[in-house]
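Structure record follows, encoded as structure tokens.
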Amino acid sequence: MTEFQTLTYSVSDGLARIRLNRPDRGNPIDGQYCHEIHRVSVDMATRPDVRAVLLSAEGRFFSVGGDIRSFLSDRDALPRTVLDWTTHIHSAIVRMQRMNAPVVCAVEGDVAGGAVSFMAFADVIYAANDARFTSGFAGIGFSADTGTTISLSARMGAARTKRYLLLSETLDAAAACEAGLVDVVLPKAEVAAAAEKTALKLAAGPTQAFGTIKRTLASARTTELEAQLEAEAQGLAAMARTNDAWEGLTAFAEKRRPGFTGS
């Protein structure tokens, strides 16, 4: 793929690595980033060698969220700008949620606004013990985008998410972990290695099973009981046809570690 301006992207050993790469500006969400993360999501969703994703960022901030300077450049054009950016970043979020590969996020710096939601869609989140998570929308007179109402309510519950958004709260790492916004809090120096270790472990796992788990968990939020149970049954039947399922069963019977291939 061509070079990106807002991030770096590579795939090796079954792991796609995405690293936000504009630390001098706080890794903002702007039009360029939205277009580039969309392109990356398309590539990942169509590559069978992507079996897990590791998301991280350079600099003091994981991301400051939406680029306020871009918002101020043309008031009349702002609604059009919002729709253009969300078209691309929302599409990226959908693809990353629907694909089989699990996403691990390493948060080594502060996060704000829509970047909190983008982070929260990750399946496993490691955070530095000095990281802070700020809800920036209501503080600037905006409502939430980037799937905030979905990802945060799934992690923290609807009532806690509402309070976080309406009061424009900032959570420290311990509070974010207690609320369910992040999964593991570590000293900053340990975050990157721990996240990569987990991502590589997932990249060596049963990729199709991971995807089915992700999608059935997502549908459980809105699907009636009978339909959700049938979705689980159909998903399990589909997994029963995979090489990884047979390998997992055989390895269990033979008392050895399975060697999954993602097929």
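The values are calculated or read from the model by the stated rules, or taken from the named source; none is laboratory data. Since the model is a prediction, treat every value here as computed from it, not as a measurement. Here the Cβ positions follow ideal geometry from the backbone for every residue, glycine too, while neighbour counts run over all protein chains shown.
Return the residues of the stretch 15-45 that are surrounded by 21 or more Cβ atoms within 10 Å (Cβ to Cβ) and over 17 Å from I89 (Cβ atoms); say none if nothing qualifies. Matches in the stretch 15-45: L15, A16. Summed over the stretch 74-99, the residues that are small (G, A, S) and farther than 20 Å from S151 by Cα give a count of 1. Residues in the stretch 184-201 that are in contact with a helix residue (DSSP H, G or I) (Cβ under 7 Å, 6 or more places away or on another chain) and either buried (at least 20 other Cβ atoms within 10 Å of the Cβ) or in a loop (DSSP other than H, G, I, E, B) (or both): V185 only. If you go through the stretch 31-43 one residue at a time, do you hit one that is of a type in the set (F, W, Y), modelled with pLDDT of 95 or more and not in a loop (DSSP other than H, G, I, E, B)? Checking the stretch 31-43: at least one residue is of a type in the set (F, W, Y), modelled with pLDDT of 95 or more and not in a loop (DSSP other than H, G, I, E, B).
For every residue, the table says whether it meets (1) more than 23 Å from V50 (Cβ to Cβ); (2) assigned to a helix (DSSP H, G or I); (3) out of contact with any Leu (no Cβ under 7 Å at 6 or more places or on another chain).
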site: Q208; (1), (2), (3): no, yes, yes
site: I213; (1), (2), (3): no, yes, yes
site: Q228; (1), (2), (3): yes, yes, yes
site: A231; (1), (2), (3): yes, yes, yes
site: A237; (1), (2), (3): yes, yes, yes
site: D244; (1), (2), (3): no, yes, yes
site: E247; (1), (2), (3): no, yes, yes
site: R256; (1), (2), (3): yes, no, yes
site: S263; (1), (2), (3): no, no, yes
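Residue by residue, here is whether (1) of a type in the set (D, E); (2) surrounded by fewer than 16 Cβ atoms within 10 Å (Cβ to Cβ); (3) out of contact with any strand residue (DSSP E or B) (no Cβ under 8 Å at 6 or more places or on another chain); (4) part of a loop (DSSP other than H, G, I, E, B) holds:
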site	(1), (2), (3), (4)
A92	no, no, yes, no
N100	no, no, yes, yes
A115	no, no, no, no
F118	no, no, no, no
Y164	no, no, no, no
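Within the stretch 1-10, being among the hydrophobic types (A, V, I, L, M, F, W, C) and crowded, with 17+ Cβ neighbours inside 10 Å holds for F4, L7. Filtering the stretch 173-183 to residues that are among the acidic types (D, E) and loosely packed, with under 15 Cβ neighbours inside 10 Å leaves only E178. Of all residues in the stretch 34-60, those that are without any contact (Cβ under 8 Å) to a residue 40 or more places away in the chain and within 16 Å of G109 (Cβ to Cβ) total 1.
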